[in-house]
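Before any comments, here is the structure.
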Amino acid sequence: MEAILFLLLMPYFALILFLCIRLYFPKNYPPEDSIDTDGRLAIVVACKNEEDNLPLLFSSIERQHSMPKEIIFVDDNSTDNTFAILLDFAKKLPNVIVLQSPGNGKKAALIEGVKHSTAKYVLFTDADCILPDEYCLNAKIFLTTHSVDMLLGGVKLHYLSSNFAGDFSVKTDISDFALNPFKAFEILDLGSLQAVSAGSAMMGCPIMCNGANMIVRRDIYLEHISGIRTDIPSGDDMFMLHNIKASNGKIFYLFRPELIISTRGNDNPLSFFTQRKRWIGKLPAYTDKFTVATATITAVTNIMLTALYIASIFNSGFLLMAAMAYIIKLIVDCIAIIPYLKTINKRNLLYYMPLMSIFYPFYVTFTGIVSVIGFVIKNNKTTKIRMGK
């Protein structure tokens, strides 16, 4: 029985270990001799009701050691003071452009921003993000020495203290905060996704990316606009990645601390679950075979572990199998996430991994089932409405 269990878990273990190779032996991208050395960079940010988040992003942009050619903010029909705050910031820097989206949703806003850009490359990030001081400088150096269609970087989380209200004289606790189990779980969950994103891209088979840190050549982005599925509310980053990959575009991933962008973590478990449900809910719309295979193997493994853990509660005969599966998966997951935690200087979070490994299969199984059911119901309703018309 134990041998059968091991065979069932082998696809997951083999997949994760395969994707982790480049995390321990990062891929080097030697400079190319003859390329277009135009490394002009623009930043495009879609904003919807972001008045609380924008001050940190503004501050990080102002601290850049090398400014981008353009900083384009597109207001996505905000109902708060976002648009007015953007206009005030535009008075500080001559290269800031503020637009209002002609449509609805993040994708329409991003497309509008890209169309107004004149730079060769566009950095997509979010309104709740913080850029490292040398981000633009390092990105432009790389872009002027390499032929790239898409350049991906890492993402980490920050949390604001409860007394932060845009006043930078108040301690914000951006990176060194008192950890609680929820924050630790969210960081580890994102870390596992980041490890897979980085590892798969550096192995030459990218499957995931994060729209908070994504650089795309402007003409390539415009060429693939039709493939980002505007009928689905989010996922512009993933659809763009898969379309560029399908056209054999050059996709690089730089796993470097100076190119990791910080994005705001969720304030509570409910908002975290809603976000993850939205992410997972797009899986049925993906067509990239390796992405679908990876998601399927991961889902089956976690469903199997969930069933095994539950069975061990009611039947002691399954206890040994459950323990073996738990230990093996814990080791493999730790191997995958250690490089990421080391890069963001959060290796102390490894202490939470034993607890997370118990809860994680239940979380993935429940979120996956709810997300897929929601996606199917929503798209069936959409189909019926269209047929009715």
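Summary of values
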{"quantity": "Dipole magnitude of segment 209-346 about its Cα centre (Cβ charges: Lys, Arg +1; Asp, Glu -1), debye to nearest 20", "calculated": "140"}
{"quantity": "The chain - charge dipole about Cα centre, Lys and Arg +1 at Cβ, Asp and Glu -1, debye rounded to 20", "calculated": "920"}
{"quantity": "Fraction of accessible area attributable to carbon and sulfur, the chain (%, probe 1.4 Å)", "calculated": "61"}
{"quantity": "Probe 1.4 Å - accessible area at residue 347, Å² to nearest ten", "calculated": "130"}
{"quantity": "Set of aspartates and glutamates with alpha-carbon distance to residue 91 below 18 Å, sequence-local pairs under 8 removed", "calculated": "51, 62, 70, 75"}
{"quantity": "Gyration tensor over alpha-carbon atoms, the chain, equivalent ellipsoid semi-axes in Å", "calculated": "35, 23, 23"}
{"quantity": "Among 269, 19, 213 the positive-end extreme of the charge dipole of the chain (Cβ point charges)", "calculated": "19"}
{"quantity": "Given charges at beta-carbon only (K, R positive; D, E negative), |dipole| of segment 203-248 in Debye", "calculated": "120"}
{"quantity": "Sites residue 37 and residue 328 - FRET efficiency at Förster radius 45 Å, r taken between beta-carbons, to 0.05", "calculated": "0.40"}
{"quantity": "Taking segment 199-311 and dividing mean pair separation by its residue count, relative contact order in percent (alpha carbons under 8 Å, at least six apart)", "calculated": "28"}
{"quantity": "Relative contact order for segment 285-375, counting Cα pairs under 8 Å that sit 6 or more residues apart, in percent", "calculated": "36"}
{"quantity": "Exposure ranking of 224, 65, 158, 116 by accessible area [1.4 Å probe, largest first]", "calculated": "65, 116, 224, 158"}
{"quantity": "Rounded tilt (10° steps) of 2-24 against the dominant C-alpha axis of the chain", "calculated": "30"}
{"quantity": "Helix-only mean residue ellipticity at 222 nm for the chain, each DSSP H run of n ≥ 4 adding -39500 (n - 2.57), per residue, nearest 500", "calculated": "-17000 deg cm²/dmol"}
{"quantity": "Area accessible to solvent at residue 219, 1.4 Å probe radius, in Å²", "calculated": "80"}
{"quantity": "Probe 1.4 Å, accessible area per residue of the chain, Å²", "calculated": "47"}
{"quantity": "Debye log10 I(q)/I(0) for segment 84-144, one point scatterer per Cα, at q = 0.17, 0.20, 0.30 Å⁻¹", "calculated": "-0.77, -1.05, -1.33"}
{"quantity": "Within a Gaussian network of the chain (alpha carbon springs, distance under 10 Å), most fluctuating of 18, 252, 83", "calculated": "18"}
{"quantity": "Counted charge near residue 355, where neighbours are those whose Cβ lies closer than 14 Å (Asp, Glu -1; Lys, Arg +1)", "calculated": "-1"}
{"quantity": "Links that overshoot a 27 Å alpha carbon limit, given the list 156/245; 289/346; 48/183", "calculated": "289/346"}
{"quantity": "With Cα atoms, 0 to 90° folded angle of helix 269-281 axis to the chain main axis", "calculated": "90"}
{"quantity": "Helix axis angle, 319-343 relative to the chain longest principal axis, alpha carbon, degrees", "calculated": "20"}
{"quantity": "Mean separation of Cα contacts under 8 Å, 6 or more apart, over the residue count of the chain: relative contact order %", "calculated": "20"}
{"quantity": "Range in the chain, longest, excluding exposed GluC sites (Glu not before Pro) [loop by DSSP; at most 16 other beta-carbon atoms within 10 Å]", "calculated": "135-389"}
{"quantity": "For residue 106, solvent-accessible area (1.4 Å; no DNA, RNA or ligand), Å²", "calculated": "70"}
{"quantity": "Euclidean distance of C-alpha centroids, segment 92-121 and segment 200-229, integer Å", "calculated": "18"}
{"quantity": "Zone of residue 358's modelled label, taken as backbone nitrogen in segment 278-314 under 13 Å from a point 7 Å along Cα→Cβ", "calculated": "309-310, 313"}
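The values are calculated or read from the model by the stated rules, or taken from the named source; none is laboratory data. No experiment lies behind these values; they were computed from the predicted model shown. Cβ atoms come from the backbone with ideal geometry, glycine included; neighbour counts cover every protein chain shown. These accessible areas exclude ligands, DNA and RNA; they are computed on the full protein's heavy atoms, side chains included. Shrake-Rupley method; radii C 1.70, N 1.55, O 1.52, S 1.80 Å.
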